[in-house]
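The structure appears below as structure tokens.
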Amino acid sequence: MSGQIIKLLGGIFIALIVIIGFEMFTFSSNDHSDENQSYQNKFNEDYRIYSINIPENLDFCGEVVPLKDLDVSERLDRELLVNTYWQSNSLLYHKRASKWFPVIEPILMENGVPDDFKYLALVESGLMNVVSPAGAAGFWQILKKTGQEYGLEVNNDVDERYHVEKATVAACKYLKESYERYGSWTLAAASYNMGIGGVGKQLKRQKANNYYDLLLNSETSRYVFRILAAKEIHENPTKYGFHYRLKDLYLPHETYAVKVDTTINDLVAFADGHKVNYKILKVFNPWMRQTFLPNKSRKKYEILFPKSGYYDFRSTELEPDTLINSDENLQLDEGYE
């Protein structure tokens, strides 16, 4: 009899343990669920992603973009969204443009090429001396054969595709040739990506006479719109949420040139002789591809050095820490409103 009582009490005890455990699990689950919901609510309150207003008017080199065309509007919208919400990349565009546009702009002007083409270089390379899988190199992403055709020295020792000024002149020659053929700077921009002959073939095949009416491969179809988006965001930074101080931008370097017409056997020693190290020498002269500069033909080269010397790269006086921002309590710089 006592054994049955013990068994009964044991069963009751086990049942109580199960019930208590279930209640604790339910309470814990509810508490966890409440915490997740609170976290989700906080996220939704604090985080916002907005759609973007498409500009009412936009042009490339004075040629009007037909934004009333639904396909054109959607393609522009895509590139504006990509560049607005890829914030780090677009902010670097602003920083590098401040340094390099002052170098590129006068060369475009001197060669009769519209200023908007500086944005082509921006989207081609991000204003960096990169190399594409196809072997295109430098700010303007010029192929070896194309560079040689347009007057650049390109070999194992010297590659002027990495010489910003000379490469810009070569790009101008290409663009002017394309413009003379098609009478459109927009088609000239497209041909920079697709080739002059490639654009001509599609115009003839599709019986069209402008870029926006062409059905093209994915890359060229996006190409001009990427340039347009870069232009729109760069010229209206606060409209797209980009705020930065003048001192955050990269500044042009003040340089002086040393002219040489002989072989330099040791660029490390040559750099040291001009009070810089080898790294700085190559930063300012990336077109020299070796640790030496052979020059049997006694060609005249100009090698650049920073005026500021060995350590100080910022030789231009900076304005006060003005923030380029749309907030009312912050002073705006002219041209950035």
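The values are calculated or read from the model by the stated rules, or taken from the named source; none is laboratory data. The structure displayed is predicted, hence computed values, not measured ones. Reconstructed Cβ throughout: ideal geometry from the backbone, glycine too, with neighbour counts over all protein chains shown.
Suppose the filter is of a type in the set (Lys, Arg), under 30 Å from Leu91 (Cα atoms), within 18 Å of the chain's Cα centre (by Cα) and crowded, with 19+ Cβ neighbours inside 10 Å; does Arg161 pass it? Taking the combined requirement at face value, the residue does not satisfy it. Screening region 38-140 for helices (runs of 4 or more DSSP H) wholly inside it with 1 or more residues that are over 30 Å from Leu152 (Cβ atoms) and among the aliphatic types (A, V, I, L, M) returns the ranges 70-85, 87-110. Looking only at residues of region 193-214 that are assigned to a loop (DSSP other than H, G, I, E, B), touching a Leu at 6+ places or on another chain (Cβ under 9 Å) and of a type outside the set (S, T, N, Q), we find that the one that is farthest from Ser88 (Cα to Cα) is Ala208. Of all residues in region 165-215, those satisfying the criterion of being within 30 Å of Trp287 (Cβ to Cβ) and of a type in the set (A, V, I, L, M) are Ala167, Val169, Ala170, Ala171, Leu175, Ala188, Ala189, Ala190, Met194, Ile196, Val199.
Just need a number here: residues in region 215-273 that are assigned to a loop (DSSP other than H, G, I, E, B), free of Cβ contacts under 8 Å to residues at least 60 places away in the same chain and in the same structural domain as Ser184 (by TED's automatic domain parsing). Please lay out each step first, then the result.
Taking region 215-273 first, the residues assigned to a loop (DSSP other than H, G, I, E, B) are 215-217, 236-237, 241-243, 249-254, 261-263, 265-266.
Retained after the next criterion (residues that are free of Cβ contacts under 8 Å to residues at least 60 places away in the same chain): 215-217, 236, 261-263, 265-266.
When the remaining residues are screened for being in the same structural domain as Ser184 (by TED's automatic domain parsing), the result is 215-217, 236.
Final tally of qualifying residues: 4.
This table checks each residue for (1) closer than 23 Å to His163 by Cβ; (2) at pLDDT 95 or above.
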{"position": "Tyr211", "(1), (2)": "no, yes"}
{"position": "Leu214", "(1), (2)": "no, yes"}
{"position": "Val224", "(1), (2)": "no, yes"}
{"position": "Asn236", "(1), (2)": "no, yes"}
{"position": "Lys247", "(1), (2)": "no, no"}
{"position": "Leu281", "(1), (2)": "yes, yes"}
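Among the residues of region 52-68, those that are in contact with a helix residue (DSSP H, G or I) (Cβ under 8 Å, 6 or more places away or on another chain) and over 17 Å from Tyr119 (Cα atoms) comprise Ile52, Ile54, Pro55, Pro66, Leu67.
What about Leu92, is it among the aliphatic types (A, V, I, L, M) and either touching a residue at least 24 places away in the same chain (Cβ under 8 Å) or surrounded by 19 or more Cβ atoms within 10 Å (Cβ to Cβ) (or both)? Can you show your working first?
Values: among the aliphatic types (A, V, I, L, M): yes; either touching a residue at least 24 places away in the same chain (Cβ under 8 Å) or surrounded by 19 or more Cβ atoms within 10 Å (Cβ to Cβ) (or both): yes.
Against the criterion (among the aliphatic types (A, V, I, L, M) and either touching a residue at least 24 places away in the same chain (Cβ under 8 Å) or surrounded by 19 or more Cβ atoms within 10 Å (Cβ to Cβ) (or both)), Leu92 qualifies.
For the condition in a helix (DSSP H, G or I), farther than 30 Å from Leu67 by Cα and of a type in the set (D, E, K, R), Lys176 does not qualify.
Residues checked against (1) closer than 22 Å to Leu228 by Cα; (2) in contact with a Lys or Arg (Cβ under 9 Å, 6 or more places away or on another chain):
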position: Tyr93; (1), (2): yes, no
position: Arg96; (1), (2): yes, no
position: Glu110; (1), (2): no, no
position: Gly138; (1), (2): yes, yes
position: His163; (1), (2): no, no
position: Ala171; (1), (2): yes, no
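In this structure, is Val199 among the aliphatic types (A, V, I, L, M) and over 23 Å from Asn83 (Cβ atoms)? It is true that Val199 is among the aliphatic types (A, V, I, L, M) and over 23 Å from Asn83 (Cβ atoms). Would region 184-193 turn up any residue that is hydroxyl-bearing (Ser, Thr, Tyr) and within 17 Å of Gln141 (Cβ to Cβ)? Yes, that holds for at least one residue.
Scanning region 273-292 for residues being more than 27 Å from the chain's Cα centre (by Cα) and closer than 30 Å to Ala97 by Cα gives a total of 7.
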